[in-house]
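Student: First, the structure itself, so that you have it in front of you.
The values are calculated or read from the model by the stated rules, or taken from the named source; none is laboratory data. The model shown is predicted, which means the values in this text are computed figures rather than measured ones. Backbone-built Cβ (ideal geometry, glycine too); neighbour counts: all protein chains shown.
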Amino acid sequence: MAAQHEVIGIASAKFTREQTTLHSGSNARLGPVVSCDSSGSDVGESMNRREFVAASSAVAAALAYRPSRAGTSAESRVSFDLSGVVFDRRFAASRAFGTAALSLNQRVYAIDGDVTALWTEHLDPLWRSGRGAVAGMTTPASFACLEQLAAQHWFRVIGQVEHRTDEGEVVSHRIKAEPDWQERLCTGLQPPAWPQHFAAALLLRGRRGVAKREVQFSSTGGSWRDAAHLTSWYIASRPEGEI
Amino acid sequence: MRVPPNVSAEAYGKALLEFAQVVGKEWVFTSDEDLDLYRDAYSPYLNEPEERIASGALAPSSTEQVQQIVRIANKYRIPLYTISTGKNLGYGGSAPAYSGSVVLDLKRMNRVLEVDEVNAYALVEPGVSYFDLYKYIRERKLKVWIDCPDPGWGGVIGNALDRGGGYTTANYRNHFDSHCGMEIVLPDGELLRTGMGAIPNSKTWQQYKSGCGPWIDGIFSQSNYGIVTKMGFWLMPEPEAYLRCTVSVPRYQDLIPLVEILNYVENSRITSGFPDIESPLLGYPAIGQLQLWNENGPPAMRQDHAQLLKGVRIGYSPELEGYGMRTGIPYWRLWLSFHGPQEVIEAQWRAAQRHFARIADAKFEVRDQVRFPLDPAKVTAYHEPELGVPSLRVFSIGARTPWNPTPSKGHMWFSPIIPRSGEAIIEANKVFSEAASTLGMPLFNTFTLPACFWERCFAFILATPVTEDPKTNQRYREGFKKLIAIGGQHGWGEYRTAPVFQQSVMDVYSYNNHALQRFHATLKDAIDPNGILSAGRYAIWPKHLRERG
């Protein structure tokens, strides 16, 4: 049975909206996809059924990983505290990340590198409220811009993975996160599906702390060669209790 | 907890308690995670012990709170460092000039106090960004334009005080010059208004700049003599139409008459939009075309053309020039823009062509004709800031690509002011490309063309990369300082620079045994005897720190 999913697209630029419907073979209820780019293309073009089904499988595999640490409740591992997930539709790996987020019922924002509309229409109003974590996989330039904009509202990056593709299919992942979170990011990766893995592992927010550490490991890249230089990130508000 | 230099932990603790009573404890920041937000992401000392960092940060929401903070800082001798939105990356960001200072973050003071459509001005607080002001104007359908830098994420006041520039017409591109009236909290907490604002209930604060008597506004830009809490700006009435045209010329030496005529037509107001020079033959883009290059890569270039570029010296070879003449690829292309009634700008373009026609084989082309108001959906077809629209599109650069093989972690802007002439462009290229080559700095490919932000000079802007390798950064820092000195030897000085280079830059302004720097110090000692405000900004140090060297 095909489920219907609400997709919000912006036809040709940043300022008008129209509603369309994206059909998928999954029964999962999807959050909306919001196009924040100027490509003029339909949002459905960047997320097709094949990608969605593949993402769902990969995410399920990633979620199957259970840290053995005592005291980590199943609820805390599968609950999300996100207001949105950003992906760059120009890159297949980023699209896979966004599709994985969609399969996890997250609100997803599509960009084509430019974050102007994303910022003015969505993130600035959201972060002015003082709440609303956002994650994504984008180019380092888009990420650096969002990191600076987040600081405008005292939001900060609490988890980050730099992905670098060198010659061949080897992708190195440099992770900067609090140790518990780092463990989940590093473990259980099924190599060709690394974008979906990082979507699942990153979006399930880790325990935050000031003692961020860096770790680097490599995996085979599968078919994500256009992920030449992408960054996954998680931006959150000031720790609760401090504001 | 970090503690400011030369302040005891006990005194700092007391000060923090008093600051919290003023702004609320949630707006006093002391944790590492919070203070990381005030690091300069483009610091040339990134992750090195010399990186300039904050000991704390305070975010007041009103002028009265700023006054109280300043009085407490005086009481405990706490060094403050003022920022508005702290987005001047490449020129220092939010990090203090004097490491360990407490950042006085004015982002919460973000009210647009007034926009007058009839007289075309605005009065804003320091936390108002270009996006905020643009949004305010659009929501009210006011027919005025802002002039914004690119990217437009910064603060209107902060950018003007740092003497930033924009992309619309000559009257508005120089953001400090287009201001009108300030409100300032002085280092002792006193409140001052400049210009007509010194008259209680003034009716013309944002309409007449200088008031009567000495006009002191300039001393509050690129300085540390006060905290600007309100500032007025003149805005551009929305034009009826916009025309963007190009003048293309075929020979290397044509650059000289091209600039000479540009100066005449701009200073005569035949054209007043942002002039932009590119070199199709050298593969050097216009500023207005950069974002397209970032997104899509440069236009395709034939292999024989690319091969010829390897033989150029200071942007020239007779073979390349001959190739351009044969293939019709211009050596230089000047983009001109015109704003106003359709019949007026068409006449202006005709007059401009008449003047440029004195260059043999000059070719003219109309690129864009726009009527306002423009459908917002269509604005992305243009370099948005030239239409007064703030944008972040400059960051839409793709991933690692053949034309951008090694994205850097940031950059330091090296930006000397040079004369507005073709000869000066060529000379600056000769001097700085030779120096950069000797110093091993990757600043030049074939040639560099300056930016035309100002009416009577060029800003020659080069991005020095910041990398992840401390040794490379050290080499670039030392090279940067040598470039500053070399520029000074040729009579060129920077218009703006990051804190780590401000002393080197100000040392170039050395006429009569550094009379200017000595005057700055005299003012500092008189206005801020405890030296609490933004110590070291543009090499203005309070007496107690000067004495310690």
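Student: Among B:P390, B:P330, which is modelled with pLDDT of 95 or more, under 29 Å from A:Q148 (Cβ atoms) and assigned to a loop (DSSP other than H, G, I, E, B)?
Tutor: B:P390
Student: Return the residues of segment B:34-45 that are more than 13 Å from B:N88 (Cβ to Cβ) and either more than 10 Å from chain A (Cβ to nearest Cβ) or in a loop (DSSP other than H, G, I, E, B) (or both); say none if nothing qualifies.
Tutor: B:L35, B:R39, B:P44, B:Y45 - these are the residues of segment B:34-45 that are more than 13 Å from B:N88 (Cβ to Cβ) and either more than 10 Å from chain A (Cβ to nearest Cβ) or in a loop (DSSP other than H, G, I, E, B) (or both).
Student: Something else: Could you please give the count of residues in segment B:459-484 that are polar (S, T, N, Q), touching a residue at least 12 places away in the same chain (Cβ under 8 Å) and surrounded by fewer than 22 Cβ atoms within 10 Å (Cβ to Cβ)?
Tutor: 1
Student: Does segment B:485-502 hold any residues that are among the aliphatic types (A, V, I, L, M) and either crowded, with 23+ Cβ neighbours inside 10 Å or at positive phi (or both), and which are they?
Tutor: B:A498
Student: Moving on to the next point. Restricting attention to segment B:156-169, which residues are under 9 Å from B:N88 (Cβ atoms) and among the small types (G, A, S)?
Tutor: Within segment B:156-169, B:G158, B:G164 meet the criteria.
Student: Please verify whether A:R107 is of a type outside the set (G, A, S) and within 14 Å of chain B (Cβ to nearest Cβ), treating the condition exactly as stated.
Tutor: No, not satisfied.
Student: Which residues, taken from segment A:120-148, are buried (at least 24 other Cβ atoms within 10 Å of the Cβ) and either assigned to a helix (DSSP H, G or I) or within 13 Å of chain B (Cβ to nearest Cβ) (or both)?
Tutor: Listed by number, the residues that qualify are A:L123, A:M137, A:T138, A:T139, A:S142, A:F143, A:C145, A:L146.
Student: Does segment B:1-27 hold any residues that are charged (D, E, K, R), within 14 Å of chain A (Cβ to nearest Cβ) and over 33 Å from the mean Cα position of the chain (by Cα), and which are they?
Tutor: B:K25 - this is the single residue of segment B:1-27 that is charged (D, E, K, R), within 14 Å of chain A (Cβ to nearest Cβ) and over 33 Å from the mean Cα position of the chain (by Cα).
Student: Could you list, in sequence order, all residues of segment B:405-451 that are modelled with pLDDT of 90 or more, in a loop (DSSP other than H, G, I, E, B) and touching a Leu at 6+ places or on another chain (Cβ under 7 Å)?
Tutor: B:F447, B:T448
Student: Restricting attention to segment B:19-32, report how many residues are in a helix (DSSP H, G or I) and either buried (at least 17 other Cβ atoms within 10 Å of the Cβ) or outside the structural domain of B:S62 (by TED's automatic domain parsing) (or both).
Tutor: Qualifying residue count, segment B:19-32: 4.
Student: Restricting attention to segment B:299-334, which residues are touching an Asp or Glu at 6+ places or on another chain (Cβ under 7 Å), among the hydrophobic types (A, V, I, L, M, F, W, C) and without any contact (Cβ under 8 Å) to a residue 40 or more places away in the chain?
Tutor: If the condition is that a residue be touching an Asp or Glu at 6+ places or on another chain (Cβ under 7 Å), among the hydrophobic types (A, V, I, L, M, F, W, C) and without any contact (Cβ under 8 Å) to a residue 40 or more places away in the chain, then B:L308 is the only one that fits.
Student: Only residues that are within 22 Å of B:I287 (Cβ to Cβ) and not in a strand (DSSP E or B): list them for segment B:333-358, please.
Tutor: B:I345, B:Q348, B:W349, B:A352, B:F356 - these are the residues of segment B:333-358 that are within 22 Å of B:I287 (Cβ to Cβ) and not in a strand (DSSP E or B).
Student: Ok, one more. Within segment B:370-400, which residues are away from chain A (no Cβ under 14 Å) and either exposed (fewer than 14 other Cβ atoms within 10 Å of the Cβ) or in contact with a Ser or Thr (Cβ under 8 Å, 6 or more places away or on another chain) (or both)?
Tutor: Selection gives B:R371, B:E386, B:G388.
Residue-by-condition table, conditions (1) within 14 Å of another protein chain (Cβ to nearest Cβ); (2) in contact with a strand residue (DSSP E or B) (Cβ under 8 Å, 6 or more places away or on another chain); (3) at pLDDT 95 or above; (4) farther than 20 Å from B:N473 by Cβ:
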{"position": "B:F29", "(1), (2), (3), (4)": "yes, yes, yes, yes"}
{"position": "B:D32", "(1), (2), (3), (4)": "yes, no, no, yes"}
{"position": "B:N47", "(1), (2), (3), (4)": "yes, no, no, no"}
{"position": "B:S55", "(1), (2), (3), (4)": "no, yes, yes, yes"}
{"position": "B:L58", "(1), (2), (3), (4)": "yes, yes, yes, yes"}
{"position": "B:A73", "(1), (2), (3), (4)": "no, yes, yes, yes"}
{"position": "B:Y76", "(1), (2), (3), (4)": "no, no, yes, yes"}
{"position": "B:G90", "(1), (2), (3), (4)": "yes, yes, no, no"}
{"position": "B:G93", "(1), (2), (3), (4)": "yes, no, no, no"}
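Student: Still on this model: Do you know which residues across segment A:76-104 are assigned to a helix (DSSP H, G or I), surrounded by fewer than 21 Cβ atoms within 10 Å (Cβ to Cβ) and away from every other protein chain (no Cβ under 14 Å)?
Tutor: Of everything in segment A:76-104, those that are assigned to a helix (DSSP H, G or I), surrounded by fewer than 21 Cβ atoms within 10 Å (Cβ to Cβ) and away from every other protein chain (no Cβ under 14 Å) turn out to be A:S76, A:R77, A:V78.
Student: Only one of B:R111, B:R77 is in contact (Cβ under 8 Å) with a residue 60 or more places away in the chain and surrounded by fewer than 20 Cβ atoms within 10 Å (Cβ to Cβ); which?
Tutor: Result: B:R77 is the single residue among B:R111, B:R77 that is in contact (Cβ under 8 Å) with a residue 60 or more places away in the chain and surrounded by fewer than 20 Cβ atoms within 10 Å (Cβ to Cβ).
Student: Right, next: Do we find that B:P214 is closer than 27 Å to B:D528 by Cα and not in a strand (DSSP E or B) in this structure?
Tutor: Spelling it out, B:P214 is indeed closer than 27 Å to B:D528 by Cα and not in a strand (DSSP E or B).
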